[in-house]
Amino acid sequence: MKCTARFYKMNYDFSPEFAEAHHDGNESENNRFYDWEDELALTNEVKDIEVIEEGVYQLQGEKGGEAFTEDIKNVVLFNIIGEDDSVTQMACSKSLVMKFDVEKTENEINLSVYLEEMEPLTNPIPGIYIAIQDFPKFLVD
């Protein structure tokens, strides 16, 4: 089955009153519901998605020629399990997540994650959203 993940950053300036008065409650060009949206479609076949609401994400990389692994605590982990038992991991700091939905049908899994509008974040790699206060300080130059 296919899997698509969508991440939505809510727009703080969205006015439901303006939308109702001028656009039948819908968003418009100057009154958008989301600041941005990321869509990630996995290319491998998947069989399930596991959600861990009190997870730890291991951020790995290199700084100054030295490899590092840093635990990011208080995250919601989305472990997407492939038909070959591989795991594709997506994660969001818990403070960022307003809500999330997982919809499964016979042929696909759709993950929708709605991120807080006022919480600053960083997106070091696709599918990983870390609140600024949770990001390792030694990585910020």
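The values are calculated or read from the model by the stated rules, or taken from the named source; none is laboratory data. It should be emphasised that the depicted structure is a prediction, and the values quoted were computed from it without experimental measurement. Methodologically, a virtual Cβ is constructed for each residue, glycine included, from the backbone with ideal geometry; neighbour enumeration extends over all protein chains shown. Note: accessible area is taken over every heavy atom of the protein model, side chains too, but ligands, DNA and RNA are not part of it. Shrake-Rupley method; radii C 1.70, N 1.55, O 1.52, S 1.80 Å.
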If a residue has to be within 17 Å of Phe68 (Cα to Cα) and more than 11 Å from the chain's Cα centre (by Cα) to count, how many in the stretch 105-141 make the cut? 9
Output the number of residues of the stretch 127-141 satisfying the condition of being open to solvent by 50 Å² or more (accessible area, probe 1.4 Å) and either under 15 Å from Gln60 (Cβ atoms) or of a type in the set (Val, Ile, Thr) (or both). 3
Which residues, taken from the stretch 78-124, are touching an Asp or Glu at 6+ places or on another chain (Cβ under 6 Å), open to solvent by less than 70 Å² (accessible area, probe 1.4 Å) and more than 20 Å from Met10 (Cα to Cα)? Asn79, Ile81
